[in-house]
Amino acid sequence: MRRLRILVMLALVPLLRSAAPPAEPGDEIWMEIPDPAMKVQGNTAAELPAPALRYFTIHLERDQSKVDYGSIKSKINTESAGGVSDCKSVPNEIVCIFDLKRRAGFDLHPGRNAIEIEYKDPYERYHYASFLLQLGGKPTVMRAGAKAGPPERPGGEKYAVVVGVSHYQFSGPGLPNLQFADRDASAFRDFLMSPDGGNFPRDNIRFLLNEDATSQAVLSALRTFLTKPRPQDVVVIYFAGHGSPDPNDRRNLYLLTYDTKPDDMGGTAIPMTELPKILTEVVKAKRVVLIADSCHSFGIMGRRSGPANANNLINEYLSATSAQGQRAVMTASDVSEKSQEDPKWGGGHGVFTWYVLRGLKGEADANHDGTVTAGELFHYVHEEVQKATNSQQTPLASPGLAENLALSGAGMRAGTASGR
């Protein structure tokens, strides 16, 4: 992440939906940046000597007959961007022109941004591309100890869903097993049950490891078990395992469970589209903490779904689940980064979870008030993981992170209901 630099990477994947000739590998989707004049080919990087970006154009096709105009859709940082773009036919091609100032809320922020576009051809096949734009500067990171007010101590009951999958039923070259995801989940569950973690009652934790973490069991935990918490309660969701685009359609992202079949993610994995629905339609609790260590092997399906370095936007969409309420969302790595695990971290942990645990146990308490808040934890984990991985892994927190929400220490002990 260099200052005043923009990094653009492209993944293009056609999806066969009918008996039709395969999509031409030469299909062109590329971005044009007007200032300075720059053409960015697929799967290349480019530097832009400017700290901001207002206009850009995405070129879809040289053959206009290959694009169904009504099927063109675009997103900027997971939000529909149709309101800031116009797609039209020009001599010999179709282009989509983006003006990010046309509507509020579409300015690209410092750090990593994701832009996606798709269209359908006359054979009903989808063509999809994603761009990663790295604007100069780093994303805003909360300063250690810079709190707007006292820690917000959670009241009511405490509930958690903790999932860790190291071993997959259909593991193989396209779905490798992990070493320590199950150990990470066990250590996190144990911390929640400790006094500093809030003394979560065992009956209030749905704990799923390996063969118990099937798609049906995970969905049951999220959609049925989490109907119990009331608005004043606290919900913690922790997931350690693989997250991946569908090799059959890279527009669709999934958390992979024990019984996920690599060739049938649509029927055997947890779609990312489920999480926002669960948090808005199922979970009544206002305070939700989501911690995901989910991209241990980005691009694991690359051999079947296009370039091996195709973008994996799973963390981008996980972070977007914080749009409403007091939700602290933390993910292990930036877009398309690998979440590392190794015996050197605590005898065998993912580096992200290792520092999450150390931070929660007190190392993140920057102002020494006996309570670790969400803001303190993210700052600590962000810095420590960056150092431990030589800046190869960058934990993310959503812009809506509930900075003052107490996550461990005195604030959690004080919030524990009596008689527990």
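Quick check on my filter: what residues within the stretch 222-259 are surrounded by fewer than 21 Cβ atoms within 10 Å (Cβ to Cβ), touching a residue at least 40 places away in the same chain (Cβ under 8 Å) and more than 30 Å from Phe131 (Cβ to Cβ)?
Arg223, Phe225, Thr227, Lys228, Arg230, Pro231, Gln232, Asp259
May I ask you to list the residues in the stretch 383-401 that are modelled with pLDDT of 85 or more, over 12 Å from Ile291 (Cα atoms) and surrounded by 20 or more Cβ atoms within 10 Å (Cβ to Cβ)?
Scanning the stretch 383-401 gives Glu384, Val385, Gln393.
Report the residue count in the stretch 59-71 for those that are buried (at least 19 other Cβ atoms within 10 Å of the Cβ) and either of a type outside the set (A, V, I, L, M) or under 24 Å from the mean Cα position of the chain (by Cα) (or both). I'd like the intermediate steps shown before the answer.
Going through the stretch 59-71, the residues buried (at least 19 other Cβ atoms within 10 Å of the Cβ) turn out to be 60-61, 66-67.
This time we only want the ones that are either of a type outside the set (A, V, I, L, M) or under 24 Å from the mean Cα position of the chain (by Cα) (or both), so: 61, 66.
So the count comes out to 2.
Can you give me the number of residues within the stretch 74-109 that are in contact with a Ser or Thr (Cβ under 7 Å, 6 or more places away or on another chain) and in a strand (DSSP E or B)? Walk me through it before giving the result.
If we filter the stretch 74-109 for residues that are in contact with a Ser or Thr (Cβ under 7 Å, 6 or more places away or on another chain), which is where we start, we get 74, 81-82, 85, 95-98.
Filter once more, keeping what is in a strand (DSSP E or B): 74, 85, 95-98.
Going through the stretch 74-109 one residue at a time, the tally reaches 6.
Keeping to the stretch 260-273, report how many residues are surrounded by fewer than 18 Cβ atoms within 10 Å (Cβ to Cβ) and outside any loop (DSSP other than H, G, I, E, B).
First, pick out the residues of the stretch 260-273 that are surrounded by fewer than 18 Cβ atoms within 10 Å (Cβ to Cβ): 261, 263-264, 266-267, 271, 273.
Restricting the remaining residues to those that are outside any loop (DSSP other than H, G, I, E, B) gives 266-267, 271.
Looking only at that region, the number is 3.
Only residues that are modelled with pLDDT of 80 or more and surrounded by fewer than 16 Cβ atoms within 10 Å (Cβ to Cβ): list them for the stretch 124-158, please.
Residue satisfying the conditions is Glu124 alone.
Right, Glu316: modelled with pLDDT of 85 or more and of a type in the set (D, E, K, R) or not? Please lay out each step first, then the result.
Details: modelled with pLDDT of 85 or more: no; of a type in the set (D, E, K, R): yes.
It is false that Glu316 is modelled with pLDDT of 85 or more and of a type in the set (D, E, K, R).
Determine whether Val218 is touching a helix residue (DSSP H, G or I) at 6+ places or on another chain (Cβ under 9 Å) and assigned by TED's automatic domain parsing to the domain that holds Glu376. Lay out the reasoning, then the answer.
Values: touching a helix residue (DSSP H, G or I) at 6+ places or on another chain (Cβ under 9 Å): no; assigned by TED's automatic domain parsing to the domain that holds Glu376: yes.
No: the conditions fail for Val218.
The values are calculated or read from the model by the stated rules, or taken from the named source; none is laboratory data. Everything numeric in this text was worked out from a predicted model, so none of it was measured. Glycine gets a Cβ as well: all are built from the backbone with ideal geometry, and neighbour counts include every protein chain shown.
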